[in-house]
Amino acid sequence: MNVLGMFCARACSGLVGCRTATRARYLHSFPGITVAQIDEEVAKLLELKAQIGGDDGKHQFVLKTAKGTRDYNPKQMAIREKVFNTIIGCFKRHGAETIDTPVFELKETLTGKYGEDSKLIYDLKDQGGELLSLRYDLTVPFARYLAMNKITNIKRYHIAKVYRRDNPAMTRGRYREFYQCDFDIAGQYDAMIPDAECLKIVHEILSELDIGDFRIKVNDRRILDGMFAVCGVPDDKFRTICSTVDKLDKMPWEDVKKEMVNEKGLSEEAADQIGQYVSMQGGMDLAELLLQDQKMSQSKQAVAGLSDIKLLFSYLQLFQVTDKVVFDLSLARGLDYYTGIIYEALLTQAGMAPASTDAQNGAPVEESVSVGSVAGGGRYDGLVGMFDPKGRKVPCVGVSIGIERIFSIMEQKAETSAERVRTTEVQVMVASAQKNLLEEKLKLVTLLWNAGIKAEVMYKKNPKLLSQLQHCEESGIPLVAILGEQELKDGVVKLRVVATREEVDISRADLIDEIRRRTSEA
């Protein structure tokens, strides 16, 4: 047995939890061992001990959720359901149908679609000869679905969980497992009409959820590529420089420039020229100004993108959403599959220090500061063609709602609000005022269930009336149908309004209609 093996044998015999003095004795007894080796072997033994069980022979469980994941209690789920209903209602209002796809895909389906973010894909172990990965988003699986089923036009929404091996910031709604809510329009249509509808949908959802002031930034990948070309960025650096520009919402320009020059090898002159453009914000007027720009007008790509931005804003005016939309040349969105219009919605905090310049006169303008992205998307006309055997393209544009961040904001609002969040939808509690009325209560609750009324009864034969009423107040149940011996004789039910404590006798024949009337008014 070698020296390290002798140490491990002795450690296993009960000296695993050695401290400084014990460790010193080991170092003296086994001069060929270092402190680092001891610490490494002890850590392995402790892990093995946890796996096979503690001193009493029982397996020791660590009760926690995996990193970047969380549980949701009934109150949180009620908030989530409300948000989902708002979003799905908007998607359906705009004529979308829904699909579903597997939670994992062939690894080759996802590889090479996400640029530098590809390192965040969760790869699974080999399962019977197939190399699989958990889906990173819903867009690439959608493109695979279109190509596989030879679908050339569809307006679809998809709400499902996706997975990213990211460093989570759970207080800001960033997780490794999270929901995405996607809306996409696939098909050959006239320019910018579907794109404008996607922005309209974002505007409707964020306005209806009422989570704070927001701005929707728009740009175009063709404008970015044209800008990089006229600023002297080599063709092979377009995507990597685009990924760096995408960090401008998290880093100051000085740090972004430093990354471009020091890490990406871009010349300082080219970086400075990019800096002049990415500080510009505006609307249709900025697009017109850049079309006259001496450098940008030299790029066919940039001119095509700027012309589409002008057209987009004309449709946005008709959709009455230009008050929240800004053309921002710093918006890049790092995903490789975007080919045209890109956009991102951010919650803002108004009234901060000026951070940009007016496109026309160079004067500083007051800018809203972002406190978080809550939606993003764009046009990806080439993605479906990457999966089609013949390379046939299906133009697509879509948007993804950042639901987890919205949940975090809604939960914070609920915590500070005096308004109670109901976790059930029970409309009426069937209660008894005396003993030995369980059978009558079960008959009545069955009558209500059969009529489609949401009702419940306590699972006790003879509960106290007070405890039944307290349950209604705590749960937010608006009505109580109370049975007593006198009510049974008279053929009525005493209907009590929990909020006002008003009580009225209702005949059995009229009870269901009365409950429906009162709950519909509420």
Chain lengthening between Lys390 and Gln127 when straightened (0.36 nm per residue, less Cα-Cα): 91.8 nm
Glu502 to Asp71: FRET efficiency via 1/(1 + (r/R0)^6), r the Cβ-Cβ distance, R0 30 Å, to the nearest 0.05? 0.15
From Cα pairs below 8 angstrom and at least 6 apart in sequence, can you work out the relative contact order of the chain, rounded to a whole percent? 13 percent
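Net charge near Thr423, counting Lys/Arg +1 and Asp/Glu -1 over other residues with Cβ under 10 Å of its Cβ?
So the environment of Thr423 carries a net charge of +1.
From the square roots a ≥ b ≥ c of the eigenvalues of the alpha-carbon gyration tensor of region 46-167, which class results: rounded (a/c under 1.5), prolate (a/b over b/c), or oblate? Spell out each step's value before the answer.
Working: a/c = 2.94, a/b = 1.49, b/c = 1.98.
Cα axes put region 46-167 in the oblate bin.
What's the local net charge at Leu290, with K and R +1, D and E -1, over the other residues with C-beta under 13 Å away? Each step should come with its number before you reach the end.
Numbers: positive: Arg222, Lys295, Lys310; negative: Asp220, Asp285, Glu288, Asp293, Asp308, Asp328.
Net local charge, Leu290 excluded: -3.
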Quick one: go through region 171-206 and flag any residue whose amide nitrogen is under 19 Å from the point 7 Å out along the Cα-to-Cβ line of Glu97. 182-189
Taking amide H atoms as placed 1.01 Å from N in the peptide plane, list the residues 5 or more away in sequence, or in a different chain, whose amide H sits under 5 Å from that of Asp220. Ile342
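Quick check: at a probe of 1.4 Å, how many percent of the accessible area of the chain sits on carbon and sulfur atoms?
Values: 13870 of 27270 Å².
Heavy-atom surface of the chain belonging to carbon and sulfur, 1.4 Å probe: 51 percent.
Provide the FRET efficiency to the nearest 0.05 for the Asp272-Ser314 pair, computing r from the beta carbons and using R0 = 25 Å.
Details: r = 33 Å, r/R0 = 1.34.
That pair, Asp272 with Ser314, gives E of 0.15.
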Give me the net charge of Leu138's neighbourhood, meaning all other residues with Cβ under 13 Å from the Cβ of Leu138; Lys, Arg count +1, Asp, Glu -1. +1
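Using only the Cα atoms of region 245-329, build the gyration tensor, take square roots of its eigenvalues as a ≥ b ≥ c, and label the shape rounded, prolate or oblate: rounded if a/c is under 1.5, else prolate if a/b is larger than b/c, else oblate. List each step's numbers first, then the result.
On the way: a/c = 3.08, a/b = 1.68, b/c = 1.84.
The shape class here is oblate.
How many percent of DSSP beta bridges within the chain run antiparallel, rounded to 5? Numbers along the way, then the final one.
Details: 54 of 69 bridges.
Taking every DSSP beta bridge with both residues in the chain, the antiparallel ones total about 80 percent.
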Placing each pseudo-label 7 Å from Cα in the direction of the beta carbon, Leu291 and Glu415 end up separated by a distance in nanometres of 4.9 nm
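Could you tell me the calculated FRET efficiency between Glu485 and Lys460, based on Cβ-Cβ distance and R0 = 22 angstrom, to the nearest 0.05?
Details: r = 18 Å, r/R0 = 0.84.
Calculated transfer efficiency: 0.75.
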Per residue value of the accessible surface for the chain (all protein chains in place, 1.4 Å probe), Å²: 52 Å²
For a test of the definition: using alpha carbon positions, the gyration tensor, and the 1.5 limit on a/c, classify region 111-170 as rounded, prolate or oblate. oblate
Candidates for mean projected area of the Cα convex hull in nm² are (1) 30.8; (2) 37.9; (3) 29.0, and the calculated one carries label (2)
Please list, ordered by chain and number, the residues whose modelled amide H lies under 5 Å from the amide H of Ile151; skip anything fewer than 5 residues away on the same chain. none
Just to be sure I understand the rule: take each whole DSSP H helix in the chain, project its Cα atoms onto its long axis, keep it if the span is 27 Å or more and its mean Kyte-Doolittle hydropathy is at least -1.0. Which ones pass? 74-93, 300-318
Please compute the Cα-Cα pair-distance distribution of region 381-487 with 5 Å bins starting at 0, giving whole percents from short to long. 2, 10, 14, 12, 10, 7, 7, 7, 6, 6, 5, 5, 4, 3, 1, 0
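The values are calculated or read from the model by the stated rules, or taken from the named source; none is laboratory data. Treat the numbers as computed from the prediction; the structure is a model and nothing was measured. Reconstructed Cβ throughout: ideal geometry from the backbone, glycine too, with neighbour counts over all protein chains shown. Ligands, DNA and RNA are excluded from the accessible area calculation, which covers all protein heavy atoms including side chains. Shrake-Rupley method; radii C 1.70, N 1.55, O 1.52, S 1.80 Å.
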